[in-house]
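Engineer: Here it is: the structure, laid out below.
The values are calculated or read from the model by the stated rules, or taken from the named source; none is laboratory data. Source: prediction; values computed, not measured. Backbone-built Cβ (ideal geometry, glycine too); neighbour counts: all protein chains shown. For the accessible areas, the whole protein counts, side chains as well, though only heavy atoms, and no ligand, DNA or RNA atoms are used. Shrake-Rupley method; radii C 1.70, N 1.55, O 1.52, S 1.80 Å.
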Amino acid sequence: MTVKELAAYIDHSVLKPEFNPDEVRREVEAAISYECKTVCINPASIEIAKPRCENTYTGVCVVVDFPFGCSSTESKVEQTRIALQAGADEVDIVANYGWIRGGQMGRAEADLRAVIDLCHECGVPVKVIFETDALTRAEIAAAAEASITAGADFIKTSTGFYTGRLQHSETGASDDIVAFMIECADGRCKVKGSGAIRDAEHFFRLIDAGIDRMGIGYRTTPVVLGHQQTTPAEAAETY
């Protein structure tokens, strides 16, 4: 694969809440220079990202209800509407993993469908984030079914921000969880991995496994594309 083909797998993640506007601007421009598929930003940053990404290979992916997914459906819909009006090219939304853990799958599905239908009216694809670090495999499988039934274009591992009781020995887009998500999708939607992708070896393994997209931390994007090296300590702080 060429570097450009590899970059097309990447949503360059610029989601740290402490980033100031200059830092957001710097990373948006970095994503554009790498020709990433998108730059993944918080809603407040779309005014910085959208004009810079116009007429480039890099789109703008806006996260909705990130990182907890616990807002009301009405709030999620309004957040999504604002993002779409501002020019979001893709939307990533966090599923309510408390509802998933509680077995309220009909409620979770309806919540997602309200956002997905709105995005699809505008031709915008939606990636549904499961907080896989907090969910059992049975819960992940149930969340996949609800998301696919609701019309999700992608199902996605983790936010990278969960610090509670882990359900798995490895966090984020581990090989095992990604393989399980691909199995759950069963060709009905695409799969995005995010969280804990910190080196080129992992990046390439996930591509070989059949993943469709990856959320890569801002410091790690140049590493997986072969532009520079990073230390494990730096990589651990990238998402």
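Engineer: Do we find a residue being at pLDDT 95 or above, more than 18 Å from Ala150 (Cβ to Cβ) and assigned to a helix (DSSP H, G or I) anywhere in region 12-22?
Structural biologist: The answer is yes, given that some residue of region 12-22 is at pLDDT 95 or above, more than 18 Å from Ala150 (Cβ to Cβ) and assigned to a helix (DSSP H, G or I).
Engineer: Quick check, is Gly123 farther than 23 Å from Val24 by Cα, open to solvent by 40 Å² or more (accessible area, probe 1.4 Å) and modelled with pLDDT of 95 or more? Step through it out loud before you land on a result.
Structural biologist: Values: farther than 23 Å from Val24 by Cα: yes; open to solvent by 40 Å² or more (accessible area, probe 1.4 Å): yes; modelled with pLDDT of 95 or more: yes.
Criteria met by Gly123.
Engineer: From the list Asp117, Asp92, Asp111, exactly one residue is free of Cβ contacts under 8 Å to residues at least 40 places away in the same chain, of a type outside the set (A, V, I, L, M, F, W, C), within 17 Å of Glu74 (Cα to Cα) and touching a Lys or Arg at 6+ places or on another chain (Cβ under 8 Å). Which is it?
Structural biologist: Values: Asp117 fails: touching a Lys or Arg at 6+ places or on another chain (Cβ under 8 Å); Asp92 fails: free of Cβ contacts under 8 Å to residues at least 40 places away in the same chain.
After applying the criteria, what remains is Asp111.
Engineer: Further question: Output yes when any residue across region 32-49 is acidic (Asp, Glu) and touching a strand residue (DSSP E or B) at 6+ places or on another chain (Cβ under 8 Å), and no when none is. First the steps, then the outcome.
Structural biologist: Residues of region 32-49 acidic (Asp, Glu): 35, 47.
Among the residues that remain, those that are also touching a strand residue (DSSP E or B) at 6+ places or on another chain (Cβ under 8 Å) are: none.
Checked region 32-49: no residue is acidic (Asp, Glu) and touching a strand residue (DSSP E or B) at 6+ places or on another chain (Cβ under 8 Å).
Engineer: Also, quick follow-up: Output the number of residues of region 82-91 satisfying the condition of being assigned to a helix (DSSP H, G or I) and buried (at least 22 other Cβ atoms within 10 Å of the Cβ).
Structural biologist: Number satisfying all stated conditions: 1.
Engineer: Hey, among the residues in region 62-81 that are part of a helix (DSSP H, G or I) and more than 19 Å from the chain's Cα centre (by Cα), which one's surrounded by the most Cβ atoms within 10 Å (Cβ to Cβ)? Reasoning before the result, please.
Structural biologist: Filtering region 62-81 down to residues part of a helix (DSSP H, G or I) leaves 73-81.
From what is left, the residues that are more than 19 Å from the chain's Cα centre (by Cα) are 73-75, 78.
Values: Thr73: 16, Glu74: 9, Ser75: 12, Glu78: 14.
Result: Thr73.
Engineer: Answer yes if at least one residue in region 158-174 is surrounded by fewer than 22 Cβ atoms within 10 Å (Cβ to Cβ) and at pLDDT 95 or above, and no otherwise. Working first, answer last.
Structural biologist: From region 158-174, those surrounded by fewer than 22 Cβ atoms within 10 Å (Cβ to Cβ) are 161-171; that's our starting set.
Adding the requirement that they be at pLDDT 95 or above leaves none.
Checking region 158-174: not a single residue is surrounded by fewer than 22 Cβ atoms within 10 Å (Cβ to Cβ) and at pLDDT 95 or above.
Engineer: State yes or no: is Thr149 touching a helix residue (DSSP H, G or I) at 6+ places or on another chain (Cβ under 8 Å), closer than 21 Å to Cys70 by Cα and either hydrophobic (A, V, I, L, M, F, W, C) or open to solvent by less than 10 Å² (accessible area, probe 1.4 Å) (or both)? Step through it out loud before you land on a result.
Structural biologist: Details: touching a helix residue (DSSP H, G or I) at 6+ places or on another chain (Cβ under 8 Å): yes; closer than 21 Å to Cys70 by Cα: yes; either hydrophobic (A, V, I, L, M, F, W, C) or open to solvent by less than 10 Å² (accessible area, probe 1.4 Å) (or both): no.
So Thr149 fails the test.
Engineer: Which pairs turn up if I take residues in region 9-38 that are of a type in the set (S, T, N, Q) and look for partners that are open to solvent by 40 Å² or more (accessible area, probe 1.4 Å) and at pLDDT 95 or above with beta carbon separation below 7 Å, at least 6 apart in sequence or on another chain?
Structural biologist: Close Cβ pairs satisfying both conditions: Thr38/Asp89.
Engineer: Any residue at all in region 41-52 that is modelled with pLDDT of 95 or more, crowded, with 24+ Cβ neighbours inside 10 Å, closer than 20 Å to His227 by Cα and in contact with a Ser or Thr (Cβ under 9 Å, 6 or more places away or on another chain)?
Structural biologist: Applying the first criterion (modelled with pLDDT of 95 or more) to region 41-52 yields 41-52.
Next, from what is left, pick out any that are crowded, with 24+ Cβ neighbours inside 10 Å: 41, 49.
When the remaining residues are screened for being closer than 20 Å to His227 by Cα, the result is none.
Within region 41-52 (the criterion being modelled with pLDDT of 95 or more, crowded, with 24+ Cβ neighbours inside 10 Å, closer than 20 Å to His227 by Cα and in contact with a Ser or Thr (Cβ under 9 Å, 6 or more places away or on another chain)), the answer is no, since none of the residues qualifies.
Engineer: Given the criteria under 19 Å from the mean Cα position of the chain (by Cα) and of a type in the set (S, T, N, Q), does Ser174 qualify? Even if it seems obvious, please write down each step before you answer.
Structural biologist: Numbers: under 19 Å from the mean Cα position of the chain (by Cα): yes; of a type in the set (S, T, N, Q): yes.
Yes, satisfied.
Engineer: Something else now. If I ask for residues that are under 16 Å from the mean Cα position of the chain (by Cα) and either on the phi > 0 side of the Ramachandran plot or hydrophobic (A, V, I, L, M, F, W, C) (or both), which ones from region 186-206 would you list? Let's see the steps before the verdict.
Structural biologist: The initial filter retains those residues of region 186-206 that are under 16 Å from the mean Cα position of the chain (by Cα), namely 189-198, 203, 206.
Answer for region 186-206, where residues must be under 16 Å from the mean Cα position of the chain (by Cα) and either on the phi > 0 side of the Ramachandran plot or hydrophobic (A, V, I, L, M, F, W, C) (or both): Cys189, Val191, Gly195, Ala196, Ile197, Phe203, Leu206.
Engineer: Looking at (1) in contact with a Leu (Cβ under 9 Å, 6 or more places away or on another chain); (2) part of a strand (DSSP E or B), can you tell me which one Val39 breaks?
Structural biologist: (1)
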